[in-house]
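Visitor: Sharing a structure here in structure tokens format.
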Amino acid sequence: MSNVHVNPYHTTSKKDFEKYADELKINLFSLSDDEVVARIAVMVAMIGDGYTVLDIWGFHNNNLNTSVFNFHAFPLQTYIFDKGVYVIYADKKNKELEGKKLVKINNTDIEIVLNKMKAIVPGDNEYNKKFSLPFFIVNAEYLNGLGLLDNTDKCEFTFEDKAGILTSEIIESVSLPNYNNIIHNNPELLDAPLYLQNESKNYWFKYLENEKI
């Protein structure tokens, strides 16, 4: 890290960073794979910027190399609004969940999940972390590695509808490449708000006839 980062210890001191790394080495063989990965993610996030990340989402290699650690996610896309975490998109099996408020993951209140997950989310500031958190809280291995989940194949999610009625659903995880395909290549997003469209493109434009924009 010190060889490739211009200033790696601007948020966490070198002493504290190396202490965490040493403790991880000592405990390595008493931890599960998911616990190790979660702790590595914590270490990376300790650098404290949005560009130093553990790239599990496949921004560069699509996580398709079968020799690397295989991650899974639950096929929901959420967004953190002022009034809570809401499902803005779900796969075909879970369509009825769209628009509902997510209140618990594996019987743990969503606020507790968010606070625990913040430790592994890289970012320059709180807003950067807030934007990224929804992608982390549906990751099966991170949930398991942080002690929030004991089965990465499926998980119980609890939702609240507009009438305040609570329901729980068991949702099965999918591979991360499959999750990316479900969420980012979803044709239904053509009718989504403009900021949610064409997420796979760096640059795009659309003429709005009524507004002449």
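Visitor: From K130, K154, K116, grab the single residue that is at pLDDT 95 or above, closer than 30 Å to I47 by Cβ, open to solvent by 60 Å² or more (accessible area, probe 1.4 Å) and out of contact with any Phe, Trp or Tyr (no Cβ under 7 Å at 6 or more places or on another chain). Reasoning before the result, please.
Guide: Values: K130 fails: at pLDDT 95 or above; K154 fails: closer than 30 Å to I47 by Cβ.
Matching residue, one of K130, K154, K116: K116.
Visitor: Tell me, which residue of region 3-37 that is loosely packed, with under 12 Cβ neighbours inside 10 Å and hydrophobic (A, V, I, L, M, F, W, C) is modelled with the lowest pLDDT?
Guide: Among them, the one singled out is V4.
Visitor: When residues of region 91-113 are filtered for being part of a loop (DSSP other than H, G, I, E, B) and either touching a Pro at 6+ places or on another chain (Cβ under 9 Å) or open to solvent by less than 10 Å² (accessible area, probe 1.4 Å) (or both), how many remain? Even if it seems obvious, please write down each step before you answer.
Guide: Here is the first cut: in region 91-113, the ones part of a loop (DSSP other than H, G, I, E, B) are 91, 98-100, 106-107.
From what is left, the residues that are either touching a Pro at 6+ places or on another chain (Cβ under 9 Å) or open to solvent by less than 10 Å² (accessible area, probe 1.4 Å) (or both) are 91.
Within region 91-113, residues that are part of a loop (DSSP other than H, G, I, E, B) and either touching a Pro at 6+ places or on another chain (Cβ under 9 Å) or open to solvent by less than 10 Å² (accessible area, probe 1.4 Å) (or both) number 1.
Visitor: Would you check which residues across region 134-151 are surrounded by fewer than 20 Cβ atoms within 10 Å (Cβ to Cβ) and assigned to a helix (DSSP H, G or I) and list them?
Guide: Restricting attention to region 134-151, the residues satisfying the condition of being surrounded by fewer than 20 Cβ atoms within 10 Å (Cβ to Cβ) are 135, 147-148, 150-151.
The answer is F135, and nothing else.
Visitor: Only residues in region 125-141 that are hydrophobic (A, V, I, L, M, F, W, C) count as the first member; pair them with residues that are part of a loop (DSSP other than H, G, I, E, B) and crowded, with 22+ Cβ neighbours inside 10 Å, Cβ under 6 angstrom, at least 6 apart or cross-chain, and list the lot.
Guide: Close Cβ pairs satisfying both conditions: L133/V121; F136/V121; V138/F74; A140/S173.
Visitor: I need the full set of residues from region 1-48 which are in a loop (DSSP other than H, G, I, E, B) and within 25 Å of L148 (Cα to Cα), in order please. It would help to see each step written out before you state the result.
Guide: In the first step, residues of region 1-48 are kept if they are in a loop (DSSP other than H, G, I, E, B); the result is 1-13, 31-32, 46-48.
Passing the criteria: L31, S32, M46, I47, G48.
Visitor: Say whether the condition of being without any contact (Cβ under 8 Å) to a residue 60 or more places away in the chain and either in a loop (DSSP other than H, G, I, E, B) or buried (at least 21 other Cβ atoms within 10 Å of the Cβ) (or both) is met by at least one residue in region 169-179.
Guide: No, region 169-179 contains no residue that is without any contact (Cβ under 8 Å) to a residue 60 or more places away in the chain and either in a loop (DSSP other than H, G, I, E, B) or buried (at least 21 other Cβ atoms within 10 Å of the Cβ) (or both).
The values are calculated or read from the model by the stated rules, or taken from the named source; none is laboratory data. Owing to the predicted nature of the structure, the values given are computational and were not obtained by experimental measurement. As a convention, Cβ positions derive from the backbone with ideal geometry for all residues, glycine included, and neighbour counts pool all protein chains shown. Quick note on the areas: whole protein, heavy atoms, side chains included, nothing else; ligands and nucleic acids left out. Shrake-Rupley method; radii C 1.70, N 1.55, O 1.52, S 1.80 Å.
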